[in-house]
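The values are calculated or read from the model by the stated rules, or taken from the named source; none is laboratory data. If you're wondering where the values come from, they're calculated on a predicted model, not measured in any experiment. In this analysis, Cβ positions are derived from the backbone assuming ideal geometry, glycine residues included, and neighbour counts consider all displayed protein chains. The protein model used for the area step is the full one, side chains on, heavy atoms only, and it has no ligands, DNA or RNA in it. Shrake-Rupley method; radii C 1.70, N 1.55, O 1.52, S 1.80 Å.
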Amino acid sequence: FSDSPPCSPIKYINNMFPNGQSPGGIDTAISKVKTKMVRVDNVVLASIRGQSRGGSVRGTEDLVDAKRQIESLFGKIRDIRSKAEHSERMVVEICRDIKSLDSAKKNLTTSITALKRLHMLVTGVDQLRGMLANRQYKPAGNLLQAVQQLAQGFNVQAARGVPKINQLNWSMQQIKEELVQQIHEEFIRSFETNQIPLGTLKDTCFVVDAMGPEAVKEFARWFADALLKEYQTIFAASNSDNSRLEHAEKRYQWLIRQWRQLEELYPGLFPPAWHVQETFVEEFCVATRLAYSAMLEQTKKSLDYKYLL
C-alpha cells in the first residue's frame, strides 16, 4: 500500500499480479505484506509510546500551569473581595457621616430659627414697653399678637429652664398686667369725666381682644363691677329709703337707665361676642339677689308680710 492517499487496493493488486502467471508468487507477496504490517505496527507502537512519554511530561506541565493560573485567579478574586469589603466599609462610613451631617444641619437650622425668633421676641417686648408708656394701644395690640405667637414657640419643657426665656415670659406677663391696669384707668377716667374718647377706647378693646378669650371675660366682668359701684352706693343697706323691698322697682329702673346709657355713650364699642351688656345684667341680678337675701335675713323677724302681697 502507498503511504500517500488515496490508496486503491484493486490497483495495488493489479500492479503486483499483472498477468495469469503472477499468482504463483502470491505466498511471497503475502509474506512481504505481513512483514510490512509488523514493521508498521512496531512504528505505530513506538510512536504511541513516545507520544505517551512526551504527553505525560507536557500534561504535568499543563497541570502545574493550570494550578498556577487557578491560584492566580483565586488571588485576584480575594483581592477583588477585599477591595469590595473595603469599599462597603467606606460606603457605610460615608453614609454615617452624611447622616450625622444631615442631623447637624437640621439642628443648626433649628438653632438659627430659634435665635431669630428669640431676637424678634426680645425686640417685640422692648417695643411693647415703649408703646405702653406712650399709650399707643392700636400698635400695641398688633404687636402683642405677634409677640404671643413667638412666645408660644418657647413654651416647651426644654425652654422653661433657660433663664432668658423665663425672664421674657415674666416680662410679657408684667406688660399684660400693666396694659390691663392702664385700660381700666382709661375707662374709669371716662366714667368720672363723662368724656368718652371712643377712638382711644376702641384701641384699648383691640388690645384686650388680642390678649385672648380669658382676658375678654375678665374685662367684661370688671366693666360690669365698675358700673355696679354706683348701684351698690345708691341701694346700700345704710340707705333705708332705696334699699327697702317696696322700692324694688327703683333698682330695675336704674338698670334700664344704665342699659340705655351704655348704648348712648359706647355705641358699637364692644364686639357682640364679648357679651358686655349681658354680663352687666347678670352681675346686677347677682348683686340684687345677695342684697335682698341679706335684707330678708336681717328683717325676717320684724318683716311685715303685707309688703309681699
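Scanning the range 118-156 for residues that are in contact with a Phe, Trp or Tyr (Cβ under 9 Å, 6 or more places away or on another chain) and farther than 16 Å from V180 by Cα yields L118, L121.
Of the candidates R81, R96, R117, the single residue that is closer than 27 Å to G212 by Cβ and of a type in the set (D, E, K, R) is R117.
The set of residues from the range 125-138 being open to solvent by less than 60 Å² (accessible area, probe 1.4 Å) and either in contact with a His (Cβ under 9 Å, 6 or more places away or on another chain) or not aliphatic (A, V, I, L, M) (or both) comprises G130, Y137.
Return yes when E218 is modelled with pLDDT under 85 and either part of a helix (DSSP H, G or I) or of a type in the set (D, E) (or both) and no when it is not. In short, no. Scanning the range 266-279 for residues that are under 16 Å from R221 (Cβ atoms), part of a loop (DSSP other than H, G, I, E, B) and aromatic (F, W, Y) yields one hit, F270. Across the range 189-215, the qualifying residues are those that are more than 19 Å from F280 (Cβ to Cβ) and in a loop (DSSP other than H, G, I, E, B), and the one among them that is modelled with the lowest pLDDT is Q195.
Of the residues making up the range 188-216, just one is touching a Ser or Thr at 6+ places or on another chain (Cβ under 8 Å) and free of Cβ contacts under 8 Å to residues at least 40 places away in the same chain, namely P197.
The single residue among D225, D203 that is in contact with an Asp or Glu (Cβ under 7 Å, 6 or more places away or on another chain) and either open to solvent by less than 70 Å² (accessible area, probe 1.4 Å) or of a type in the set (D, E, K, R) (or both) turns out to be D225. The conditions of being modelled with pLDDT of 85 or more, outside any loop (DSSP other than H, G, I, E, B) and open to solvent by 80 Å² or more (accessible area, probe 1.4 Å) are not met by E263.
Here's the yes/no breakdown for (1) surrounded by 10 or more Cβ atoms within 10 Å (Cβ to Cβ); (2) modelled with pLDDT under 85; (3) of a type in the set (A, V, I, L, M):
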residue: S72; (1), (2), (3): yes, no, no
residue: K83; (1), (2), (3): yes, no, no
residue: H86; (1), (2), (3): yes, no, no
residue: M90; (1), (2), (3): yes, no, yes
residue: E93; (1), (2), (3): yes, no, no
residue: I98; (1), (2), (3): yes, no, yes
residue: L168; (1), (2), (3): yes, yes, yes
